[in-house]
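**Q** Right, I'll just put the structure down here and ask away after.
The values are calculated or read from the model by the stated rules, or taken from the named source; none is laboratory data. All values reported here derive from a predicted model rather than from experimental measurement. Every residue, glycine as well, gets a Cβ built from its backbone with ideal geometry; the counts of neighbours run over all protein chains shown.
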Amino acid sequence: MNCLGDPVVTAAQMRQIEDRVIAAGMPVAALMEKVANLITARIVALGTPPGVAVLAGPGHNGGDALVVARELWQRGYRVQVCCPLPSLKPLTASHAAYLRHLEVPWVERVEELGSHEVLVDGLFGFGLERSPTGLAAEQIAAVNQGGAQVISIDLPSGLHTDTGEVLGTAVRADHTLCLGLWKAGLLQECSLDWAGQVELVGFHLPPKDLQAVLGTTPAIQTITPGGVRDLLCQARPRTAHKYQLGHLLLICGSQRYPGAALLAGMAAQTTGVGMLSVAVPASISTLITSHLPGALVVPCPETDSGALTWPASLEAQVQEGKFTAIACGPGLTREPRPLVEAICRVGVPLVLDADALNIVAELGPARCLGARQAPTVLTPHRGEFARLFPHLSLNSPWEAVRAAARLTRAVVLLKGARTVIADPEGNLGINPESTAALARGGTGDVLTGLVGGLAAQGGDNWLTLVAAAVWWHSQAGLRAAAQRTERGVDPQTLGEFLLPVLRDLTRAHPQGAGAAGPDTGSPLGRRCRGT
């Protein structure tokens with residue numbers, strides 16, 4: 001099952017998996033000990049200071065928290081336990097009794113806790129479906145009003161497991177340790193301000209039980225670094241030549257937005273595509289050539305306002321199959337409608353972004369994309385998505401992106417803090433890591449170049465190919481932000497961090513410096529071999 005990447009589950013699916021494991025003979029107490037010890041190890045690894053309060057609820061999430069309290073106490077931490085709700089489950093009650101036997105300080109209200117730097121939130125776990133009320137709501141409010149750093153077990157108490165929405169009130173965590181499998185709610189944008197830094201703490205659930213509930217290939221998966229490594233770091237044949245490594249035609253830029261062409265072209269070159277042609281208005285072609293000397297810059301006719309028009313000579317080259325992929329849109333302006341219409345008719349893999357998407361929205365997605373047979377990738381942000389698909393509500397973004405992919409028969413990439421990718425078969429890929437450093441004009445042009453460059457090099461699975469580009473892009477942003485702060489990452493700087501990310505992937509890959517070996521996975525866990 002490890003070849004499938006990291007599945008994303010609903011509360012009902014997680015409950016089914018746990019029920020199967022327990023029915024097969026795994027003692028609940030042993031499972032709790034295993035999980036709680038993993039949580040403890042992670043809390044210690046985070047550099048948690050010595051004063052720790054533990055908020056425990058009546059259920060098994062509270063039991064996990066009490067085992068954590070015991071383990072931290074035995075490691076010498078100054079631990080206080082708060083258990084405000086009555087009627088503990090039997091196993092949780094047993095752990096509570098043992099903590100009292102150890103004489104761990106114990107209170108019944110958050111307000112009674114003494115000085116502590118960190119609070120571990122184990123009030124409620126996954127599956128909460130109604131708003132906390134009464135004493136529970138009061139205790140959540142008291143946590144949020146305190147000054148301690150909060151580490152939530154599995155989910156912040158009060159957050160809906162599937163939607164990520166706040167059920168009236170919720171703990172605002174600084175760090176969330178998601179247990180076993182990714183819970184869908186933690187990967188929704190609405191949960192970002194409540195879950196803080198989120199990470200997965202796996203505990204080796206049996207593959208047969210995962211497959212029984214989720215199927216051979218889970219419909220929703222996160223992008224995994226190992227899968228990206230397998231896709232991006234395959235060694236190339238020693239006899240390879242440039243025409244075997246893809247030829248991307250990038251159609252972008254205008255007098256008004258020449259930088260978009262530079263950013264997209266730079267990123268495309270970073271992917272290692274064998275040939276890059278950049279079609280731009282003639283008035284900016286010299287500028288593009290000076291910054292992208294390795295590209296074949298195609299000066300094109302332009303309108304009086306400096307927008308690109310589609311020359312017959314270039315269209316003939318497209319029809320002859322000179323290019324293995326086309327990426328169109330960054331900096332184009334909305335003027336070149338005939339060009340975008342023509343591009344959508346060609347039988348070549350196509351990536352559409354920015355103004356190309358806005359033109360498709362004006363002309364109608366069905367008209368532009370309905371007859372396409374070659375693979376298509378759409379990369380809208382929320383505004384562009386709303387223009388393309390005004391009838392699809394982004395209140396449920398995963399379902400909206402799935403519906404858009406089915407309608408257009410395209411891979412649809414919805415950019416955001418939790419980027420979502422869907423293919424026409426309904427499979428979803430979610431990027432679990434990103435940074436606000438990417439919320440700047442021009443970073444989308446960099447992503448278009450990455451997607452286009454990888455698309456030109458080919459692959460069996462377009463969802464995984466796009467996922468690799470998304471992960472690469474976000475990791476460059478995270479690395480740049482770590483060195484320059486979130487405010488200090490302009491799109492050109494972002495591009496400079498692409499190669500360091502790829503270099504480190506290659507160093508960690510056993511095939512990165514030698515002969516080609518077996519294909520072992522993809523960013524979403526399914527097999528995908530590039531050319």
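**Q** Output the qualifying pairs, or none if there are none: Cβ atoms under 7 angstrom, residues six or more apart or on different chains, first residue in region 193-205 and in the same structural domain as residue 160 (by TED's automatic domain parsing), second residue buried (at least 17 other Cβ atoms within 10 Å of the Cβ) and of a type in the set (Lys, Arg).
**A** Taking only residues 6 or more apart or on different chains, the pairs are 194/172.
**Q** Quick one: is residue 265 within 22 Å of residue 348 (Cβ to Cβ) and assigned to a loop (DSSP other than H, G, I, E, B)?
**A** Criteria not met by residue 265.
**Q** Hand me the list of strands (runs of 3 or more DSSP E) wholly inside region 346-454 holding 2 or more residues that are of a type in the set (Val, Ile, Thr).
**A** 376-378, 411-414, 420-422
**Q** Out of the residues in region 479-497 meeting the condition of being of a type outside the set (A, V, I, L, M, F, W, C) and assigned to a loop (DSSP other than H, G, I, E, B), tell me which one is surrounded by the fewest Cβ atoms within 10 Å (Cβ to Cβ).
**A** The qualifying residue surrounded by the fewest Cβ atoms within 10 Å (Cβ to Cβ) is 485.
**Q** Okay, next question. From the residues in region 296-316 that are in contact (Cβ under 8 Å) with a residue 40 or more places away in the chain and small (Gly, Ala, Ser), which one is surrounded by the most Cβ atoms within 10 Å (Cβ to Cβ)?
**A** 307
**Q** So the check is Cβ under 9 Å with 6+ separation or different chains; which pairs have a first residue in region 394-416 that's closer than 16 Å to residue 368 by Cβ and a second one that's surrounded by 18 or more Cβ atoms within 10 Å (Cβ to Cβ) and among the acidic types (Asp, Glu)?
**A** 405/423; 410/423; 411/423; 412/423
**Q** Take region 268-303 and flag every residue that is assigned to a loop (DSSP other than H, G, I, E, B) and out of contact with any Ser or Thr (no Cβ under 8 Å at 6 or more places or on another chain).
**A** 271, 272, 273, 274, 292, 293, 294
**Q** So which residues in region 80-110 are surrounded by 14 or more Cβ atoms within 10 Å (Cβ to Cβ), of a type outside the set (S, T, N, Q) and either more than 39 Å from the chain's Cα centre (by Cα) or farther than 19 Å from residue 31 by Cα (or both), if there are any at all?
**A** Residues satisfying the conditions are 81, 82, 83, 84, 85, 99, 104, 105, 106, 107, 108, 110.
**Q** A further question follows. Among what's in region 317-353 and is closer than 22 Å to residue 273 by Cα and of a type in the set (Gly, Ala, Ser), pick the residue that is surrounded by the most Cβ atoms within 10 Å (Cβ to Cβ).
**A** 327
**Q** Is it true that some residue in region 142-153 is under 14 Å from residue 10 (Cα atoms), over 18 Å from the mean Cα position of the chain (by Cα), buried (at least 23 other Cβ atoms within 10 Å of the Cβ) and of a type outside the set (Ser, Thr, Tyr)?
**A** no
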